[in-house]
Amino acid sequence: MDDLSLSYLFEHPGEIFDLAVEHLVLSVTVIVLGFGIALPLGLLATRFRRLTLPLLASLGALYTVPSLAFLAVLIPSLGLGRDNAIVVLVAYAQIFLVRNIVAGLRGVDSPTLEAARGIGMTPWQVFRQVRWPLALPIVMAGIRTALVTTISLATMAAAVDGGGLGELLFIGLSRMSAPQVGLPMVLAGAIAITALAILSDLVLRVAERQTTATRARRAAR
């Protein structure tokens, strides 16, 4: 890879940084909103086991819808912009979030829950002080997967004026008739998106390890 191919990356660091921040804010917003939807769905599926398979199958089927097609379908109702992209990305994130919430909550040992009830804990106390902390490492793994996937998929937000690093890819591709102009933009966007995904994954892996360590300390006590 020659210097010309990386020229845009070195010549426009400020622009790339601003787009990366915009991309990250969009992705984190999606995860926060998505988790707010996934948590009650996960609790519902945990409580009523018959709902689990249909729910996860529906979310899995939703995830298979091509992103560009999904974005296009929402244009008549939501128009162009971030709202369109957020709705699509929140929908895609559900499969990872709900699946891990259910797995984490169901993975808590029954004897542990019975012991908590045996010492007089209310159902809410059992959930808040026992079940949720023990499920948290698996839930965190789902959040990490959802965030990294969202960062990748958020590239398509630029197709509906949703902003982010995808703008570099789409603009660069539109200028590929002059490769010396378009190719550096495409490479800069691809490198920045990859770096953002890797960095986010590393940060959440550290957080995941911290929750696991906290869980181990609580178990020891």
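The values are calculated or read from the model by the stated rules, or taken from the named source; none is laboratory data. Note that the structure is predicted; figures quoted are calculated from it, not measured. Note that each Cβ is placed from the backbone with ideal geometry, even for glycine, and that neighbours are counted across all protein chains shown.
Okay, residues lined up against (1) closer than 26 Å to G163 by Cβ; (2) exposed (fewer than 13 other Cβ atoms within 10 Å of the Cβ); (3) of a type in the set (D, E):
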{"position": "L9", "(1), (2), (3)": "yes, no, no"}
{"position": "S27", "(1), (2), (3)": "yes, no, no"}
{"position": "G34", "(1), (2), (3)": "yes, no, no"}
{"position": "I37", "(1), (2), (3)": "yes, no, no"}
{"position": "L44", "(1), (2), (3)": "no, no, no"}
{"position": "R50", "(1), (2), (3)": "no, yes, no"}
{"position": "L62", "(1), (2), (3)": "yes, no, no"}
{"position": "A69", "(1), (2), (3)": "yes, yes, no"}
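All of L169, L153 fail the test of being touching a residue at least 12 places away in the same chain (Cβ under 8 Å), buried (at least 21 other Cβ atoms within 10 Å of the Cβ) and among the hydrophobic types (A, V, I, L, M, F, W, C), apart from L169.
Scanning segment 168-195 for residues that are part of a helix (DSSP H, G or I) and either at pLDDT below 85 or under 20 Å from the mean Cα position of the chain (by Cα) (or both) gives S174, P179, Q180, V181, G182, G189, A190, I191, A192, I193, T194, A195. Among the residues of segment 114-150, those identified as without any contact (Cβ under 8 Å) to a residue 24 or more places away in the chain and of a type in the set (K, R) are R117, R128.
The single residue among R99, R82 that is modelled with pLDDT of 85 or more and within 16 Å of V30 (Cα to Cα) turns out to be R82. Yes or no: L44 over 24 Å from V148 (Cβ atoms), out of contact with any His (no Cβ under 9 Å at 6 or more places or on another chain) and without any contact (Cβ under 8 Å) to a residue 24 or more places away in the chain? Yes: the conditions hold for L44. In this structure, L41 does not satisfy being at pLDDT below 90 and part of a helix (DSSP H, G or I). Inspect segment 196-205 for any residue being closer than 30 Å to V102 by Cα, crowded, with 16+ Cβ neighbours inside 10 Å, modelled with pLDDT under 90 and not hydroxyl-bearing (S, T, Y) and give the result as yes or no. Yes, some residue in segment 196-205 is closer than 30 Å to V102 by Cα, crowded, with 16+ Cβ neighbours inside 10 Å, modelled with pLDDT under 90 and not hydroxyl-bearing (S, T, Y).
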